[in-house]
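To keep things clear, I will list the structure first and then write my remarks on it.
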Amino acid sequence: EQGVTQPAQIIQLLKMAVIKSLKQTGEAGTQKDGMDIAMVAFDTEKMKLEFAGAYNPLFRIRNGELEETRADRMPIGIYSDDGGKVFTNYPMDMEKGDMYFFFTDGFVDQFGGPKGKKFMNKRFKSLLMDIHLQPMEEQKAKLDEVIEDWKAHIDGYGNHYEQMDDILIIGVRV
């Protein structure tokens, strides 16, 4: 609608719209709802992409190496340390065979396992490295299997761990 295609600009406009629609002022005692996001624009003809994120990073696996592009450490919504900061746009070259993952924090923050701990980023990265060469349907099945097994452990009250947050993982192979 506004002709904006850069992820950082889109996220910035979304942030301003959230602040306006929720009537956020940043004053003490007022609500500070917001959201995290990873946004990617792919140009497959030029083999380029642009990434911007509000807390949620982008992972690229290229030639067996996982590279993390960190997101800006501010949400979409009012932010106490804002100071007029804008989101960063990260342009990247793509190569055939690259695997890109962007995701919510629900998987890594899920409690479970034998010790009732969060899944965590290190374990998630290792899992993605283990599956990234598999066909996409097999990757999805493995991710589903792993998180269900993680939640299936019994907590201190004799119950399975409940899913606590949304879980979304998007994988794109070039």
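The values are calculated or read from the model by the stated rules, or taken from the named source; none is laboratory data. Not measured: the values here are computed from a predicted model. Here the Cβ is made from the backbone with ideal geometry for all residues, glycine too, and neighbour counts use every protein chain on show.
Step by step: first the residues of region 83-103, then only those that are within 30 Å of L22 (Cβ to Cβ) and among the small types (G, A, S), then the one that is modelled with the lowest pLDDT. Which residue is that?
G83
Going by what's in this entry, would I78 be described as closer than 19 Å to A52 by Cα and surrounded by 15 or more Cβ atoms within 10 Å (Cβ to Cβ)?
Details: closer than 19 Å to A52 by Cα: yes; surrounded by 15 or more Cβ atoms within 10 Å (Cβ to Cβ): yes.
Yes: the conditions hold for I78.
For residues that are under 25 Å from I154 (Cα atoms) and hydrophobic (A, V, I, L, M, F, W, C), scanning just region 71-127, find the one that is farthest from the chain's Cα centre (by Cα).
F111
What is the residue count in region 4-48 for residues that are within 26 Å of F101 (Cα to Cα) and either of a type in the set (S, T, N, Q) or loosely packed, with under 11 Cβ neighbours inside 10 Å (or both)?
7
Does F111 satisfy the condition of being out of contact with any Leu (no Cβ under 7 Å at 6 or more places or on another chain), in the same structural domain as E27 (by TED's automatic domain parsing) and among the aromatic types (F, W, Y)? Steps first, answer last, please.
On the way: out of contact with any Leu (no Cβ under 7 Å at 6 or more places or on another chain): yes; in the same structural domain as E27 (by TED's automatic domain parsing): no; among the aromatic types (F, W, Y): yes.
Judged against the criteria, F111 is not a match.
Please determine, by comparing only the residues of region 146-174 that are of a type in the set (D, E, K, R) and within 26 Å of L49 (Cα to Cα), which one is farthest from the chain's Cα centre (by Cα). Break it down stepwise before answering.
Residues of region 146-174 that are of a type in the set (D, E, K, R), as a first pass: 148-149, 151, 155, 162, 165-166, 173.
Among the residues that remain, those that are also within 26 Å of L49 (Cα to Cα) are: 166, 173.
On the way: D166: 11, R173: 17 Å.
Step by step, filter region 146-174, then rank; the result is R173.
Every residue, every condition in (1) of a type in the set (F, W, Y); (2) surrounded by 17 or more Cβ atoms within 10 Å (Cβ to Cβ), yes or no:
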site: F101; (1), (2): yes, yes
site: K115; (1), (2): no, no
site: L128; (1), (2): no, yes
site: E138; (1), (2): no, no
site: E145; (1), (2): no, no
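How many residues does region 58-82 hold that are modelled with pLDDT of 95 or more, part of a loop (DSSP other than H, G, I, E, B) and of a type in the set (S, T, N, Q)?
Matching residues across region 58-82 total 1.
Condition first: within 21 Å of R60 (Cα to Cα), modelled with pLDDT of 95 or more and buried (at least 16 other Cβ atoms within 10 Å of the Cβ). Can you find one or more residues in region 155-169 that meet it?
Yes, because at least one residue in region 155-169 is within 21 Å of R60 (Cα to Cα), modelled with pLDDT of 95 or more and buried (at least 16 other Cβ atoms within 10 Å of the Cβ).
Residue by residue through region 134-154, note down the ones that are outside any helix (DSSP H, G or I) and touching a strand residue (DSSP E or B) at 6+ places or on another chain (Cβ under 8 Å). Outline the logic, then answer.
Keep residues of region 134-154 that are outside any helix (DSSP H, G or I), which gives 134-135, 153-154.
H153, I154 - these are the residues of region 134-154 that are outside any helix (DSSP H, G or I) and touching a strand residue (DSSP E or B) at 6+ places or on another chain (Cβ under 8 Å).
Residues G64, G84: which one is exposed (fewer than 12 other Cβ atoms within 10 Å of the Cβ), outside the structural domain of D166 (by TED's automatic domain parsing) and either among the basic types (K, R) or under 24 Å from F42 (Cβ atoms) (or both)? Don't jump to the end; show me each part of the working.
On the way: G84 fails: either among the basic types (K, R) or under 24 Å from F42 (Cβ atoms) (or both).
G64 is the lone residue from the list that is exposed (fewer than 12 other Cβ atoms within 10 Å of the Cβ), outside the structural domain of D166 (by TED's automatic domain parsing) and either among the basic types (K, R) or under 24 Å from F42 (Cβ atoms) (or both).
Identify all residues within region 1-57 that are assigned to a helix (DSSP H, G or I), at pLDDT below 95, in contact with a strand residue (DSSP E or B) (Cβ under 7 Å, 6 or more places away or on another chain) and not hydrophobic (A, V, I, L, M, F, W, C); write none if there are none.
K15
Could you give every pair whose Cβ atoms fall below 9 Å, whose first residue belongs to region 2-14 and is in the same structural domain as T88 (by TED's automatic domain parsing), and whose second residue is among the hydrophobic types (A, V, I, L, M, F, W, C) and in a helix (DSSP H, G or I), counting only separations of at least 6 or pairs across chains?
Q2/I10; Q2/L13; V4/I10; V4/L13
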